[in-house]
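For reference, the structure discussed in these notes is given below.
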Amino acid sequence: MKIDHSVPLEYSTEENKNRIFGFWVFLGAEIVMFSTLFAVYFTLWNRTGNGPTAKEIFEIGPVLIETFLLLTSSFTIGLAINSMRQGLMKATMGFFAVTLLLGLGFLGVEIYEFVTYVNEGATLQTNAFMSSLFTLLGLHGAHVTLGLVWGGGLMLQMKREGFTPDTANKSFIFSLYWHFLDVVWIFIFSFVYLKGLM
């Protein structure tokens, strides 16, 4: 395996470059999927029947906490990749851990939010609006959950193997995934919650 030392470790082999390109293709497919879910949500958002409307169930407090946690985690995963490029294992692991803890906090608030909706009588079966909302938010939450498991596995691999072209590549690809989840959340925050609260 030929290693190019003139580029960051995550790009240092031809296979690594191909993996990163392949992951961008995967993210393209994810964009199409989330775009479809947004389109369904926008089509159904006022189809509330006898159930609650967005304005009646949305609370800005938990949403602001979720937004703060996820956007901060995007910053810390960036710091983790920067530390990795400088060969700082302790800092990389620390920023990875903080990123995953922030993601876990986000997930906790989202679960609390879902439980609150259900206790208020707003479930997946209540109306078309709630069905599209739970599907969109639930799929994003499932992606965050997958990210937590993936990130935890990467931390174990880095601890065991150190910085190699393989671990650096996987960590960089994970950071792309995590930033993608943050971008999707910005759209959810802006076009689902803020629009619903107006």
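Across segment 121-132, the qualifying residues are those that are touching a Pro at 6+ places or on another chain (Cβ under 9 Å) and not in a helix (DSSP H, G or I), and the one among them that is nearest to ARG47 (Cα to Cα) is ASN127.
For segment 156-175, what are the residues that are assigned to a helix (DSSP H, G or I), surrounded by 17 or more Cβ atoms within 10 Å (Cβ to Cβ) and not polar (S, T, N, Q)? Matches in segment 156-175: MET158, PRO165, ASP166, ALA168, LYS170, PHE172, ILE173, PHE174. Screening LEU44, LEU37, LEU79, LEU64 for residues that are closer than 30 Å to LYS159 by Cα and either modelled with pLDDT of 95 or more or not small (Gly, Ala, Ser) (or both) leaves exactly one candidate, LEU79. Pairs linking a residue in segment 153-167 that is in contact (Cβ under 8 Å) with a residue 40 or more places away in the chain and under 13 Å from THR92 (Cβ atoms) to a residue that is part of a helix (DSSP H, G or I) and among the aromatic types (Phe, Trp, Tyr), with Cβ atoms under 6 Å and 6 or more positions apart or on different chains, are LEU154/PHE174; MET155/PHE96. When segment 112-134 is limited to residues that are open to solvent by less than 20 Å² (accessible area, probe 1.4 Å) and among the aromatic types (Phe, Trp, Tyr), the one that is modelled with the highest pLDDT turns out to be TYR117. Residues that are open to solvent by 70 Å² or more (accessible area, probe 1.4 Å) and closer than 17 Å to LEU194 by Cα: does segment 78-95 have at least one? So far as segment 78-95 goes, no, none of its residues is open to solvent by 70 Å² or more (accessible area, probe 1.4 Å) and closer than 17 Å to LEU194 by Cα. Residues considered: VAL149, VAL109. Of these, the only one that is open to solvent by less than 30 Å² (accessible area, probe 1.4 Å) and either farther than 30 Å from GLY61 by Cβ or at pLDDT 90 or above (or both) is VAL109.
Among the numbered conditions (1) in contact (Cβ under 8 Å) with a residue 24 or more places away in the chain; (2) in a helix (DSSP H, G or I); (3) open to solvent by 10 Å² or more (accessible area, probe 1.4 Å); (4) of a type outside the set (Phe, Trp, Tyr), the only one that LEU137 does not meet is (3).
Just one of the listed residues (PHE189, PHE96) is at pLDDT below 95 and closer than 15 Å to LEU69 by Cα, namely PHE189.
The values are calculated or read from the model by the stated rules, or taken from the named source; none is laboratory data. Quick caveat, the model's predicted, so the values are computed rather than measured. Positions of Cβ are backbone-derived with ideal geometry, glycine not excepted, and every protein chain shown enters the neighbour counts. Just the protein is used for accessible areas: all its heavy atoms, side chains included, with ligands, DNA and RNA removed. Shrake-Rupley method; radii C 1.70, N 1.55, O 1.52, S 1.80 Å.
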